[in-house]
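Heads up: the structure comes next, in structure tokens.
Every read-out reported here was derived from the displayed coordinates using simple, explicitly stated rules and does not represent laboratory data. This is a predicted model, so every value here is computed, not measured. When we count neighbours, we look across all protein chains shown, and the Cβ atoms used for this are built from the backbone with ideal geometry, even at glycine.
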Amino acid sequence: MSPPRLTGALRSFSTVSKQDNLTQDIYDLKLFRHYLHKQCLNYGLTWQKIVQFFTQHLEKKDQPVATLELRNILQAAKQIGYNCILYKRILYILYVQK
């Protein structure tokens with residue numbers, strides 16, 4: 001029996017390795033991030049809506065607990081990243097509107 005030909009093996013495994021096209025990958029990543037950013041903006045969540053929800057649905061004695069939970073959400077948003085829209089809104093809520 002003769003050994004397999006090298007050209008046949010090359011044809012079989014030629015699609016295993018990915019072509020290096022880093023510029024296209026970076027462009028795709030930018031498009032994906034832009035799409036996610038637009039999706040986040042469409043939700044329309046504002047601090048005023050959050051405050052209004054808390055004042056309507058929580059009693060005064062429960063509001064400090066809610067503030068503590070918002071601080072926990074802030075910590076989670078910090079771990080996700082500084083460019084997170086939620087992080088920026090929570091920062092504004094907790095530190096600017098005191």
Note to self: Just to be sure I understand the model, the point goes 7 Å from the Cα along the line to the Cβ. What's the resulting F54 to T7 distance in nm?
What the structure shows: 7.3 nm
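In nm, what is the difference between 0.36 nm times the number of residues separating F32 and K78 and their Cα-Cα distance? The partial results should precede the final answer.
On the way: separation 46, 0.36 × 46 = 16.56 nm, distance 2.11 nm.
Here the answer is 14.5 nm.
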